[in-house]
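The next block holds one structure in the form of structure tokens; read it before the comments.
No value in this document is a laboratory result; all are computed from the given coordinates. Everything numeric here is computed off the predicted structure, so don't read it as measured data. Neighbour counts are summed over all protein chains in view; Cβ atoms, including those assigned to glycine, are modelled from backbone coordinates with ideal geometry.
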Amino acid sequence: MIIEHRIYTLPHGGMDAYLARYREFALPLQMKHLGRLLGFFVSDIGTLNQVLHIWAYDSMADRETRRAALEADPEWQEFKRGNRGTFAAQQVSIWRAAPFSPRLV
């Protein structure tokens, strides 16, 4: 299993509108194609105006297949076009479990 850790930084004042738009349009599409959302968080202390998505996949090949299906979805492309200028920064990292880590999903 691998974990995809995605952090998006929004400009000050943009969080509420982004969360509403994400929840209505993006989340249903991502759940359809990506499947295993482990968590979606907003920053409260430290660096503010950030959202964190954590997704689980069986392998890098599973991730690539699922993300390709998402990218091929016309509704996802429409959502992405509406995101232009939404983020000040984006960070994506892939994590693999240590041999002694409990299985999360």
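Using DSSP loop states and a limit of at most 14 other Cβ atoms within 10 Å to flag trypsin sites (Lys or Arg not before Pro), what is the longest stretch of the chain containing no flagged site?
1-83
Quick one, which of (i) 13.4, 38; (ii) 14.4, 42; (iii) 13.0, 44 is the actual Rg and Dmax of the Cα atoms in Å calculated for this model?
It is the value labelled (ii).
Mean residue ellipticity at 222 nm from the helices of the chain, using -39,500 (n - 2.57) per DSSP H segment of n ≥ 4 over the full residue count, to the nearest 500 deg cm²/dmol?
-9500 deg cm²/dmol
How high is the relative contact order of the chain, given as a whole-number percent (alpha carbon pairs under 8 Å, six or more residues apart)?
So the answer I get is 47 percent.
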